Amino acid sequence: TCQKELLAANVKLTTPPVSRLRLQSIVPTGSKGDRITGARVTFSFTVEPSDCNTWGTIHGGCVFTICNAAGKIATAVVANGAKNIVSTDLTTNYLAGVTVGSTVVVEIECLRTTKSIGFLRGSIKDDKDTLCYVC
């Protein structure tokens, strides 16, 4: 329930494709005293036809949206729920396409935060554990 509250407080969950992200885990990756300084958040996501381009693979806008939303959640974990931290730069590398019906694993790690920016890295892998997108 705490994880669902965190998600609801930081990301508009009704917006496709974000509404279909399924939280798998939240793992702290660093700490200083009793404060979390890094966290890895993992989701699963099943690709639907509306997520795809004319070639039948997930389109770039969908990949970007998923990475951005998952990054916001990872940042909120590290920033203790802060909502005023924004995305300023997101680069996405497309390595392999993912087709309709595939279930992917989205993993985003918040490396650290400042007062207004979170530093993130992430990946999307297909059901065969192939690295498909890096963000």
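The values are calculated or read from the model by the stated rules, or taken from the named source; none is laboratory data. Computed from a predicted model, the values in this text were never measured in an experiment. Note: ideal-geometry Cβ built from the backbone for every residue, glycine included; neighbour counts use all protein chains shown. The protein model used for the area step is the full one, side chains on, heavy atoms only, and it has no ligands, DNA or RNA in it. Shrake-Rupley method; radii C 1.70, N 1.55, O 1.52, S 1.80 Å.
General remarks:
- Subset of the range 109-135 (residues that are open to solvent by less than 50 Å² (accessible area, probe 1.4 Å) and among the charged types (D, E, K, R)): E109, D126
- For the criterion of being surrounded by fewer than 21 Cβ atoms within 10 Å (Cβ to Cβ), out of contact with any Asp or Glu (no Cβ under 9 Å at 6 or more places or on another chain) and not in a helix (DSSP H, G or I), N68 fails.
- Single residue of the range 46-63 satisfying the filter (in contact (Cβ under 8 Å) with a residue 12 or more places away in the chain and either within 26 Å of G30 (Cα to Cα) or part of a loop (DSSP other than H, G, I, E, B) (or both)) that is most open to solvent (accessible area, probe 1.4 Å): W55
- Test: I108 is at pLDDT 90 or above, hydrophobic (A, V, I, L, M, F, W, C) and in a strand (DSSP E or B): yes
- Selection from the range 50-69 of residues that are at pLDDT below 90 and touching a Phe, Trp or Tyr at 6+ places or on another chain (Cβ under 6 Å): none
- The range 79-105 - residue that is in a strand (DSSP E or B) and either without any contact (Cβ under 8 Å) to a residue 40 or more places away in the chain or at positive phi (or both) and, of those, most open to solvent (accessible area, probe 1.4 Å): Y94
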